[in-house]
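The values are calculated or read from the model by the stated rules, or taken from the named source; none is laboratory data. A quick note: this is a predicted structure, and the numbers were derived from the prediction, not measured. Cβ sites come from the backbone with ideal geometry, for glycine too, and all protein chains shown count toward neighbours.
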Amino acid sequence: MSASRHNRLAAARRELVDQTVAESVHELGGHLPPPAVEIVSDGKSEGRFNLEHNRVEIRTVRFLGDPSVSDGRIRAAVAHEMGHWSDPTAAARARQIGLAWMTARVFMIVCVAGMVVALVIGGHDSKWPAVPAAAAIAVFVAAFGFMARLNWACEYFADAAATRVVGVAAVIEMVETFPPGRFSHTHPRPEDRIRRLRKLTGTPRDDDS
C-alpha cells in the first residue's frame, strides 16, 4: 500500500472510530465522562477499554490499518469497548477481581511454604506435602472460576450494549472472527457470546439450543 493511500485509510478509520465513540456516548450514556481514544500500534486484542484512565484503545496492526477489515467490524469492536465504558458495575467488579487474585496468590504462597515444611519434617516419603499441593490447586481453580464469572458478565454486558449502537448482526459478525472454542478467565467462548446475542433477536438457531 502506498504512503498516500495508507494515510487516507488511517484518517478515514480514525474518523470512523471517533464517530462510533460519539454515537455510543449518545446512545449508551454512562457514569463516566466521554473517554479518550488512543490508536495503539499493537496489542493482544483489537480493542481495549482502560478503566483506570477512561480510555478506549484500538489496535492498528492487523486491524485498524488493515484494509481487509470491514468498517462494520471496526464499528462493532469500538461499540463493544464503549459497552465496557458504559457498564456501571465495571469498577466494582475490577476491585473484586483484584482482591480475589491477590487472596489466591497469598494462599498459594502459604500452600507452597506448607509443602516445603512438610518435606523437611516428613521427608520425601511423606504424604503430607500432597495436602497443601491439593489445596493450592483447589484455590487456583476457585479463583479462576470466580474471576471468569465476573469478567464474562462484563463481556456479555458490553456485547449487548454494542448492539444498541451497531445492531446485533454486526456484533455477531465481529465475534465470529474469534477462534471457536477458545476461552480464558477474561473472555467466554465465542459460541456462548453468539448464543446470547442471538437471543436478543428472539430467533436463536436450532443448533444453539
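Points worth noting:
- Taking the conditions (1) at pLDDT below 90; (2) assigned to a helix (DSSP H, G or I); (3) surrounded by 14 or more Cβ atoms within 10 Å (Cβ to Cβ) in turn, Tyr156 satisfies each one other than (1).
- Any pair with Cβ under 6 angstrom, 6 or more apart, that starts in the stretch 156-179 at a residue that is under 12 Å from Ala77 (Cα atoms) and ends at one that is among the polar types (S, T, N, Q) and surrounded by 19 or more Cβ atoms within 10 Å (Cβ to Cβ): Ala161/Ser86; Val165/Ser24; Val171/Thr163
- Counted residues, the stretch 1-46 - those being of a type in the set (S, T, N, Q), without any contact (Cβ under 8 Å) to a residue 12 or more places away in the chain and more than 17 Å from Pro67 (Cα to Cα): 1
- Residue in the stretch 141-164 that is of a type outside the set (Ser, Thr, Tyr) and at positive phi present: no
- Number of the exception - Ala22 against (1) surrounded by 15 or more Cβ atoms within 10 Å (Cβ to Cβ); (2) not assigned by TED's automatic domain parsing to the domain that holds Ala169: (1)
- Contacts under 9 angstrom Cβ, first residue in the stretch 47-72 being at positive phi, partner among the charged types (D, E, K, R) and crowded, with 16+ Cβ neighbours inside 10 Å, 6 or more apart: Arg62/Glu46
- Condition met for Trp85 (at pLDDT 80 or above and among the aromatic types (Phe, Trp, Tyr)): yes
- Residue match in the stretch 151-164 (condition: among the small types (Gly, Ala, Ser) and over 15 Å from the mean Cα position of the chain (by Cα)): no
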